[in-house]
Every structure is written in structure tokens, then in C-alpha cells.
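Okay, so here's the structure we're looking at.
Laboratory data are not the source of any read-out in this text; all were calculated from the coordinates shown. Please read all numbers here as calculations on a predicted model, not as lab measurements. With ideal geometry, Cβ positions are generated from the backbone for all residues, glycine too; neighbour counts draw on all protein chains shown.
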Amino acid sequence: MSRHVVASVGEIAPGSSKLVTVKGREIGVFNIKGEFFALANKCPHEGAALCRGKLVGLALSDEPGKYRLTRQGELLKCPWHGWEFDVRTGQSYCDPDNTYVRQYAVSVEPGSELLKGPYMVETFQVAVEENYIVVEM
């Protein structure tokens with residue numbers, strides 16, 4: 001598994017996202033209340049650019065005519081057909097047993113850890129022979 005730096009923490013404000021491309025794959029990186037999550041930018045229903053959808057909440061109801069909105073900004077609504085997916089898990093709310101969006105592992109790391117050395121550069125032996133420079137490989 002390879003690691004890719006895709007943004008600084010400050011680039012993605014809470015409640016927003018950033019679309020990035022890693023190894024040819026579009027991935028949406030979401031900041032949900034200071035936690036970061038990444039989902040494939042492809043709705044499993046019909047292939048829409050899922051990460052261009054809106055972040056919404058979950059409506060719960062204990063009885064007809066009364067509801068409450070919970071988990072505000074934690075569900076991603078597909079821009080084509082309105083299917084909703086949990087940003088934290090990738091789980092579908094329309095077909096929870098069979099449909100999910102691919103997730104990618106996300107971590108927040110200090111820049112000093114990412115730039116840790118020692119850095120090694122390839123060196124070559126050089127010699128000067130009768131005014132010609134020769135590099136050995």
C-alpha cells in the first residue's frame with residue numbers, strides 16, 4: 001500500500017471536502033467535525049460523481065409527522081438520484097446490506113514526520129583523464 005500527501009489540514013475546512021486524484025482515481029476527502037475521511041468519487045448505484053453531492057444530515061422519526069435531524073453533515077447525497085452514503089463508513093442508506101462506497105484510509109501526520117531523513121542521493125565516481133570528464137555508472 002502506498003501513501004500520498006493530498007492536502008494540508010487547513011485546505012479542507014470542517015463540513016467541506018476536496019476532490020483529489022491519486023493513481024488515476026478520483027477521491028473525495030471530507031472533514032467531518034475535524035475528522036478526515038476519504039471515499040471514491042463514484043456512486044455504486046449508477047456511477048455519478050458522488051463527491052460532488054451535498055453533505056446532509058440524517059432524519060429520524062419516532063412517529064408519523066415528527067422527525068429530528070441528526071448527524072448533520074455526515075451523509076453524502078448523490079447528485080443524480082439522491083442516494084445517501086455515510087461518509088464515516090461508506091455505507092448506503094438506500095440499500096445498506098448490499099451497497100457501499102469504497103473508502104480509503106486517511107491519517108493526519110505532522111510535516112516533520114513526512115520529511116524525515118536521512119535522504120540518500122545516488123552518487124557517481126568522477127575522474128578527469130586528459131581533459132575529458134568521465135562518469136562511471
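Where the convex hull is taken over the Cα atoms of region 1-51, what is its projected area averaged over directions, in nm²?
Reported value for the Cα convex hull: 4.0 nm².
Treat every Asp and Glu Cβ in region 3-71 as -1 and every Lys and Arg Cβ as +1, leave all other atoms uncharged, and give the resulting dipole magnitude about the Cα centre to the nearest 20 debye.
160 debye
With each label point set 7 Å from Cα along the Cα-Cβ vector, what nm distance links Ser16 and Ser61?
Distance between label points: 3.5 nm.
Given just the C-alpha atoms of the chain, how large is their convex hull per residue in cubic angstrom?
177 Å³
In terms of Cα to Cα distance under 19 Å, which lysines are near enough to Lys33, apart from those fewer than 8 places away along the same chain?
The qualifying lysines are Lys18, Lys54, Lys77.
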